[in-house]
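Every number here is computed from the coordinates shown, using simple stated rules; none is lab data. From a predicted model like this one, the values you see are computed outputs, not experimental measurements. Backbone-built Cβ (ideal geometry, glycine too); neighbour counts: all protein chains shown.
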Amino acid sequence: MRKVHGLRHVRLGEIGPADLRILISQQVALPYVLPLAVRLLLEEPLLDASFYEGDLLLAALRAPAPAWALLPDLNARLRAVIDALPETAIADLPPGGAEELARFVARPESLR
């Protein structure tokens, strides 16, 4: 909790991938940090923020649907990137990761 509280005082431009993963996982400032994460993920979808390849991506996908509803363009761009991932890369995600990707991409328009 101290880490999250401390990150509330860091400028957005100074927040790195590991910190973005933490903030997204804790659902802090999602309208601000999700766009930063997506920009990184568009360049490197399986970015290893701190634990394993794809940890930032999976954290972003776990953000609640209402947060994504505020960012329809970024949502669509991230879904396109996920669709383009090779199966071999998806297979290297932790157990359940492939299913999370599929659920995010298949989420009905009303929940995006």
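For this structure, a couple of remarks:
- Output for the range 68-92, where each listed residue is over 20 Å from ARG39 (Cα atoms) and either charged (D, E, K, R) or under 14 Å from the mean Cα position of the chain (by Cα) (or both): GLU87, ASP92
- Helices (runs of 4 or more DSSP H) wholly inside the range 1-97 containing at least 2 residues that are charged (D, E, K, R) and surrounded by 13 or more Cβ atoms within 10 Å (Cβ to Cβ): 17-25, 72-84
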